Amino acid sequence: KKAMMQKIFSQKLRFKKENRSDYRKWEEKKLGDISNIIMGQSPDSKSYNNGGDGIYLIQGNADIEDRKSNPRSWTNEPTKECKVGDLILTVRAPVGAIAKSLHNACIGRGVCVIRNKETSSLEYLYQYLLWFEPRWIALEQGSTFTAVSSSDIKSLKIPFPYLKEQTKIANFLSSLDTKISLEETQKFKKALLQKMFV
């Protein structure tokens, strides 16, 4: 999949229209121009609880598992919020981990939310940010906490195809994810069966 992403995002591999003609030339856009970015803001720690009072709280990388939100606590004084389907990007160490939100939740300062605009496909943004993930290291700042700022995120330049081509790229890459996941499940199942019958 990494090899395919490299070819796609470097435009060595291009998708075509249904009539086999080319889509228009890609542009380069800033992430802040093609999506709405909401920086997290931690609520008062006194509002944190484990009893389900209020809404879920996503503070940082510890509340993400398998690229999906997996909050461990709640807050009854929510500040900034994410919706189901939003992208969540970690902005403190480790910087740049990308996930999808399965929850309507409050977001703390360890993350930000990325929500697509009409001209952009959310799945395309997710796949690009997945590919870009290791490259955030160059943007990390600070010594105690490595972090990226709102301006770092908003000014990130993204290769930006026409929406229909974005959709084709997103569908292709997410189908690879599904295939990889199925293969991993099969391997895991095979290994378990071997252990059971040894």
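The values are calculated or read from the model by the stated rules, or taken from the named source; none is laboratory data. Bear in mind the structure is a predicted one, so any value in this text is a computation, not a measurement. Because the Cβ atoms are built from the backbone with ideal geometry, glycine has one as well, and the counts that use them run over all protein chains shown. Accessible surface is based on the protein model in full, side chains and every heavy atom, while ligands, DNA and RNA are left aside. Shrake-Rupley method; radii C 1.70, N 1.55, O 1.52, S 1.80 Å.
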Between Tyr162 and Asp66, what FRET efficiency comes out of the Förster formula 1/(1 + (r/R0)^6) with R0 = 25 Å and r the beta carbon distance, rounded to 0.05? 0.20
Can you work out the Karplus-derived ³J(HN,Hα) for every residue in the stretch 62-67? Use 6.51 cos²θ - 1.76 cosθ + 1.60 with θ = phi - 60°, whole Hz, and x for glycine or proline. 5, 9, 10, 9, 6, 6
Determine which lysines satisfy two conditions relative to Lys46: a Cα distance under 22 Å, and not lying fewer than 8 residues away in the same chain. Lys80
Placed amide H near Asn70: partners under 5 Å, 5+ positions off or other chain: Ile64, Glu65
Pull up all non-local amide H partners of Lys29: gap of 5 or more, or a different chain, and H-to-H distance under 5 Å with H placed in the peptide plane. Ile158, Phe160
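Hey, got the dipole for the chain? About the Cα centre, +1 on K and R Cβ, -1 on D and E Cβ, debye to the nearest 20?
Here the chain has a charge dipole of around 940 debye.
With all protein chains present, how much of the accessible area of the stretch 25-181 (probe radius 1.4 Å) comes from carbon and sulfur, to the nearest whole percent? Present the calculation step by step, with values, prior to reporting the outcome.
Numbers: 3760 of 7710 Å².
It is 49 percent, rounded to a whole number.
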If you roll a 1.4 Å probe over the heavy atoms of the protein chains, what accessible area per residue do you get for the chain, in Å²? 59
With the Cα gyration tensor of the chain giving a ≥ b ≥ c as the square roots of its eigenvalues, does the rule (a/c under 1.5 for rounded; else a/b larger than b/c for prolate; else oblate) give rounded, prolate or oblate? oblate
At 222 nm, what value in deg cm²/dmol follows for the chain if DSSP H runs of at least 4 each add -39500 (n - 2.57) and the sum is divided by all its residues, to the nearest 500? -10000 deg cm²/dmol
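Starting from the Cα gyration tensor of the stretch 89-143, take the square roots of the eigenvalues, sort them a ≥ b ≥ c, and report rounded, prolate or oblate (rounded when a/c is under 1.5, otherwise prolate if a/b is larger than b/c, else oblate).
Details: a/c = 2.28, a/b = 1.28, b/c = 1.79.
Because a/c hits 1.5 or more and a/b fails to exceed b/c, the stretch 89-143 counts as oblate.
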What pairs in Lys17/Lys164; Lys16/Lys164; Lys1/Lys117; Lys25/Lys157; Lys2/Lys179; Lys7/Lys68 have C-alpha atoms more than 19 Å from each other? Lys1/Lys117; Lys7/Lys68
